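This report refers to the structure that appears directly beneath it.
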Amino acid sequence: MAKKTAKVDENTEVSKSKAKREARRKQVEKEKRQKLVSRTIGTIVSAVVILAIVAVVGRQLYILAIRTTPGTDYSAGLTEDGKIANADMSTAVTLADYKNISIPEDEVAATAEEVDDEINSTLESYKDLNTDTNLVIADGDEVNIDYVGTVDGVEFDGGNSGGAGYDLTIGSGSFVDDFEQQLIGHKPGEEVTVEVTFPENYSEELAGKDASFAVTINGIQKAPELTDEFVAENLSESEGVSTAAEYRAKVEQDFREEHLNDYLTEYVTENSTVNTYPKKYVKAVKSLLKNSDGQGEDIDDEIEYEKELTQRAEEDVKESMVYQAIFEDAGLAFDAEAHFAEMAEESGEEYVESIKERYGAPYVAQSEIRQMAIDYLVDLYK
């Protein structure tokens, strides 16, 4: 019986030892798994960090690659005769059929209101002091007065016109309190006493005080009427007209041409297609635009800004391309030397040199090409 017991004890000891070894093996495997998971997580985190760094660096490199340098060279990308360098407009642009545009007359005709406003503006510029004693001052009139202001019978600084005459528009609020309204109903040649009270926030000397102004009404500024006599005397040389009817007709025609200009320039630009943009010239225009934007200061998203800048530049370049294409298609010619000589005769050599220095001769030539193309368009439909 003793031997049997010993055998059982021995088996028990073996089982315990085996269990320990199994437990140890499982512990080792667990530690291995934990290390593997840790390494995997570490690798993933590292990869994410690296990708983030690469993304940031890549974005910065991309921004550096597309970033526009501000510039002030208006003639960059242009030839001496004012055309876009290395660009064939006959293939780069598909022009609208600019010689066969159907123009709605109501789109370009002058309106009665704008014609009247222009004529009244002209007449206002010829206003003269009318001293007719039968005239009566009304709200809105421009009067010429002299005045002496006193407080308690004593003159104060700045209260005397000194006989120089002062033009005052009634209702403008230029003078204190209701000074202007007290002149309404009076006539040229009258002397009027105007009583006012200075506001509390006026100068320390006059704040809140009652004042009296002795006012002499010199006259009322009146615009002349549009008559044949007025036109013949004042507008015949500058406007090339001799009667009131002729002047009104000329104003109407001027507005029609202005509207026609706007309609045609918008039409040919919108209905022409750019097939190929000249990249170097677009880049030059972007530089000018960025400089005019304050060199791109306070940009929140530089990539979006560059996209928007490119769009604006292409819009400008399209216009230049369209007008150059019309200029060439119509067989127009520009003499730069004669143009600068004419400028010098009108404004002086110093002015011409300053324009050349600021913009460059090519840019001036391009501007003239543009205007010649527009004038040609308008002449087709006058």
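The values are calculated or read from the model by the stated rules, or taken from the named source; none is laboratory data. Since the model is a prediction, treat every value here as computed from it, not as a measurement. Please note: Cβ atoms are built from the backbone with ideal geometry, for glycine as well, and neighbour counts cover all protein chains shown. For the accessible areas, the whole protein counts, side chains as well, though only heavy atoms, and no ligand, DNA or RNA atoms are used. Shrake-Rupley method; radii C 1.70, N 1.55, O 1.52, S 1.80 Å.
Numbers below:
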read-out: Members of the stretch 222-245 found to be under 28 Å from ILE374 (Cα atoms) and open to solvent by less than 30 Å² (accessible area, probe 1.4 Å), listed by number; value: LEU235, VAL241
read-out: Odd one out for SER320, checked against (1) touching a strand residue (DSSP E or B) at 6+ places or on another chain (Cβ under 8 Å); (2) of a type outside the set (Phe, Trp, Tyr); (3) farther than 29 Å from ASP97 by Cβ; value: (3)
read-out: The stretch 118-137, residues that are open to solvent by less than 80 Å² (accessible area, probe 1.4 Å), in contact with a strand residue (DSSP E or B) (Cβ under 9 Å, 6 or more places away or on another chain) and not basic (Lys, Arg); value: LEU129, ASN130, ASP132, LEU135, VAL136, ILE137
read-out: Filter result for the condition that a residue is surrounded by 17 or more Cβ atoms within 10 Å (Cβ to Cβ) and either in contact with a Pro (Cβ under 9 Å, 6 or more places away or on another chain) or at pLDDT 95 or above (or both), over ARG248, ARG312, ARG358; value: ARG248
read-out: Residues that are surrounded by 13 or more Cβ atoms within 10 Å (Cβ to Cβ) and either at pLDDT 95 or above or over 47 Å from the mean Cα position of the chain (by Cα) (or both), drawn from the stretch 172-190; value: PHE179, GLU180, GLN181, GLN182, LEU183, ILE184, HIS186, LYS187, PRO188, GLY189, GLU190
read-out: Top-ranked residue of the stretch 191-221 - restricted to ones that are in a strand (DSSP E or B) and open to solvent by 50 Å² or more (accessible area, probe 1.4 Å), ranked as nearest to TYR126 (Cα to Cα); value: GLU191
read-out: Some residue of the stretch 342-349 being hydrophobic (A, V, I, L, M, F, W, C), open to solvent by 50 Å² or more (accessible area, probe 1.4 Å) and touching a residue at least 12 places away in the same chain (Cβ under 8 Å); value: no
read-out: Failed item, numbered, when SER161 is tested on (1) among the hydroxyl-bearing types (Ser, Thr, Tyr); (2) surrounded by 11 or more Cβ atoms within 10 Å (Cβ to Cβ); (3) under 30 Å from GLN371 (Cβ atoms); (4) free of Cβ contacts under 8 Å to residues at least 40 places away in the same chain; value: (3)
read-out: All helices (runs of 4 or more DSSP H) inside the stretch 238-352 with 3 or more residues being among the β-branched types (Val, Ile, Thr); value: 244-270, 302-329
